[in-house]
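Read the structure below first, then the notes.
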Amino acid sequence: MATIVLLDDNIRVKVSDGTTLRKVALKTGASMEFGCRVGDCSTCVAYVESGMEYLNEKSEKEHKVLQMLGEDTRELRLMCQCEVNASEGEVLISYRLA
Ligand code: FES
């Protein structure tokens, strides 16, 4: 099981490989916000403080949407497009970007 830490809500959960971050947010009641849920709007953008290697790769579409934000996108992810891609490890996520 991998560990997902949602820093802004002080939530720590263990999840299995393939679990989506959207499901984690819904099940834990996290305050993370979602809009389109299909990777178009960037409402769900979040900063992965560590553990990016335990998540799925960004798709071309996700890259393009993140680049439109005009920031360094290396540590950014769209939570609606993320899923755990590991059976262990820890992912720290912050989503109240200022
Ligand atoms: S909710 Fe729109 S990009 Fe994730």
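Comparing I93, T19, N56 along the charge dipole axis of the chain, the residue lying farthest to the positive side is T19, per the Cβ-charge model. In a reduced charge model with +1 at each Lys and Arg Cβ and -1 at each Asp and Glu Cβ, the chain shows a dipole moment near 340 debye about its Cα centre. Under 12 Å of direct C-alpha separation, and excluding same-chain neighbours fewer than eight residues apart, K61 reaches these aspartates and glutamates: D40. For the range 58-98, applying the loop criterion from DSSP together with a ceiling of 15 other beta carbons within 10 Å to the trypsin sites (Lys or Arg not before Pro) yields R74, R96. The loop-placed trypsin sites (Lys or Arg not before Pro) in the range 1-48, going by DSSP, that have at most 14 neighbouring Cβ atoms within 10 Å of their Cβ come out as R37.
Relative contact order, whole percent, for the chain stands at 44, derived from Cα pairs under 8 Å and 6 or more residues apart. For the range 14-89, GluC sites (Glu not before Pro) are listed when DSSP marks them as loop and at most 16 other Cβ atoms sit within 10 Å of their Cβ; the list is E33, E57, E71, E75, E88.
Since every read-out is calculated from the coordinates, none of them should be taken as a lab result. Quick caveat, the model's predicted, so the values are computed rather than measured. Every residue, glycine among them, receives a Cβ derived from its backbone with ideal geometry; neighbour counts consider all protein chains shown.
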